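Worksheet for the structure shown next.
The values are calculated or read from the model by the stated rules, or taken from the named source; none is laboratory data. Since we're looking at a predicted model, the values are computed, not measured. Counting neighbours? That spans all protein chains shown, and the Cβs are built from the backbone with ideal geometry, glycine included.
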Amino acid sequence: MTIGEFIVCKVMGIRDPVAHRRYWKLMTVCAANCERITVNAAKGIQFDASPKNTRDVSEAEFQAVYALATERMQIAMDLASNIGQRRGDLLTIRIKDCTDEGILIHQGKTKAVVLVAWSPELRKTEKRALALKPDVPREFLLRTETGAGYTKSGFGANWQRLMKKALTPGVTSKRFKFHDLRAKAATEKAEQGTDKDAQDLLGHANARTTGGYIRRRKPTRATPIR
């Protein structure tokens with residue numbers, strides 16, 4: 001790491017070595033594009049690829065954290081682990097998106113529209129969410145105590161508080177991201193059916209993308225040659 005990199009990262013409070021170089025590269029590229037500097041100091045910086053996330057949240061671990069969560073966070077966890085959508089897409093589900101056929105998900109990242117059909121468990125989660133007070137405003141399925149929708153930072157703060165509470169003996173020894181529940185859903189859907197079923201649920205256009213979310217908990221079965 002250069003002295004310049006070190007100073008920037010100390011100021012920004014960045015500790016991860018990979019993030020050091022990524023942030024420095026981003027800063028210099030942006031500066032060059034804005035013509036603040038004439039030479040891209042990040043050119044040629046080498047860094048490893050981002051480590052693959054292999055966090056596999058077990059059902060026992062999920063239930064232990066779930067028991068500590070508020071009702072609103074429990075509903076969010078139920079939705080994430082059941083229908084496997086991104087946090088941002090869950091937070092923007094409007095009550096009008098709950099149709100007779102299922103929940104319409106308008107994916108912000110891919111612009112795909114996924115219709116998740118109703119199941120008894122999903123209906124139960126919907127009913128629990130609709131019962132949350134106050135009734136006004138009543139736009140989003142997941143709502144704060146004021147009745148408004150969650151902001152990304154607001155929801156994130158609630159999740160971090162839950163994780164801090166969960167990092168105690170007997171609950172979980174390692175924190176997990178809310179996004180890891182998307183992998184949990186993909187894994188269980190693939191085990192229940194096929195990888196294609198998991199791909200349809202997550203709304204991926206590419207099966208390889210879905211493969212990155214599926215945690216292979218069971219060994220691949222094979223037969224001998226003779």
Open item on the list: Can you report the number of residues in region 109-130 which are at pLDDT below 95 and of a type in the set (Gly, Ala, Ser)?
Closed with: 1
Open item on the list: Give me the residue from region 188-215 that is hydrophobic (A, V, I, L, M, F, W, C) and in a helix (DSSP H, G or I) and, out of that set, surrounded by the fewest Cβ atoms within 10 Å (Cβ to Cβ).
Closed with: Ala207
- [ ] Go through (1) more than 21 Å from the chain's Cα centre (by Cα); (2) aliphatic (A, V, I, L, M); (3) assigned to a helix (DSSP H, G or I) one by one and return the number of the condition Val136 breaks.
- [x] (3)
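Kindly evaluate Ala148 against the criterion of being surrounded by 11 or more Cβ atoms within 10 Å (Cβ to Cβ), more than 16 Å from Thr92 (Cβ to Cβ) and hydrophobic (A, V, I, L, M, F, W, C).
Considered against the rule, which asks whether it is surrounded by 11 or more Cβ atoms within 10 Å (Cβ to Cβ), more than 16 Å from Thr92 (Cβ to Cβ) and hydrophobic (A, V, I, L, M, F, W, C), Ala148 comes out as no.
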Task: Residues (in contact with a Ser or Thr (Cβ under 7 Å, 6 or more places away or on another chain) and touching a residue at least 12 places away in the same chain (Cβ under 8 Å)) located in region 188-204 - done: Asp195, Ala198, Leu202, Gly203, His204
- [ ] Taking Arg175 as the residue in question, decide whether it is surrounded by fewer than 21 Cβ atoms within 10 Å (Cβ to Cβ), modelled with pLDDT under 95, assigned to a loop (DSSP other than H, G, I, E, B) and in the same structural domain as Lys111 (by TED's automatic domain parsing).
- [x] yes
Open item on the list: Leu115 - would you say it is assigned by TED's automatic domain parsing to the domain that holds Glu191, surrounded by 18 or more Cβ atoms within 10 Å (Cβ to Cβ) and within 17 Å of Gly203 (Cα to Cα)?
Closed with: no
Open item on the list: Condition (residue is loosely packed, with under 14 Cβ neighbours inside 10 Å, assigned by TED's automatic domain parsing to the domain that holds Leu201 and among the aliphatic types (A, V, I, L, M)) applied to region 73-89: is it met by at least one residue?
Closed with: no
Open item on the list: Can you tell me how many residues within region 117-176 are among the aliphatic types (A, V, I, L, M) and under 22 Å from Asn53 (Cα atoms)?
Closed with: 6
Open item on the list: Tell me yes or no: at least one residue of region 178-187 is without any contact (Cβ under 8 Å) to a residue 24 or more places away in the chain and either surrounded by 12 or more Cβ atoms within 10 Å (Cβ to Cβ) or not in a loop (DSSP other than H, G, I, E, B) (or both).
Closed with: no
